[in-house]
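These notes are about the structure you will find just below.
The values are calculated or read from the model by the stated rules, or taken from the named source; none is laboratory data. What you see is a predicted model, and the numbers here were worked out from it, not measured in a lab. Counting neighbours? That spans all protein chains shown, and the Cβs are built from the backbone with ideal geometry, glycine included.
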């Protein structure tokens, strides 16, 4: 599970591991998934090995694995579990345009 103390590299590798697990669950080889996602096999292998891929490439993989719903939570609007959490939250600053 991802925690707040993970580095971006750690998180990228964790995501790559999850994608690998999903690929295997669906009975796909690396070559199968790379073709489905429209990516070169070398790009896909680098992703599984090092977690390195463009955001667009990650979206293509998610689409090929039928996981696009997972991206709906990325940077989603914050929700609170209690009223106290909401009251403690810092208000967002509105940008003001000065002409």
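For the condition surrounded by 10 or more Cβ atoms within 10 Å (Cβ to Cβ) and at pLDDT 95 or above, what is the one hit in 55, 63, 71?
63
How many of the residues making up segment 24-44 are closer than 13 Å to residue 61 by Cα and part of a helix (DSSP H, G or I)?
Looking only at that region, the number is 11.
Counting only residues that are free of Cβ contacts under 8 Å to residues at least 24 places away in the same chain and part of a loop (DSSP other than H, G, I, E, B), which one in segment 54-72 is farthest from residue 11 (Cα to Cα)?
Only one residue fits best here, namely 66.
From the residues in segment 1-23 that are surrounded by fewer than 11 Cβ atoms within 10 Å (Cβ to Cβ) and part of a helix (DSSP H, G or I), which one is modelled with the lowest pLDDT?
8
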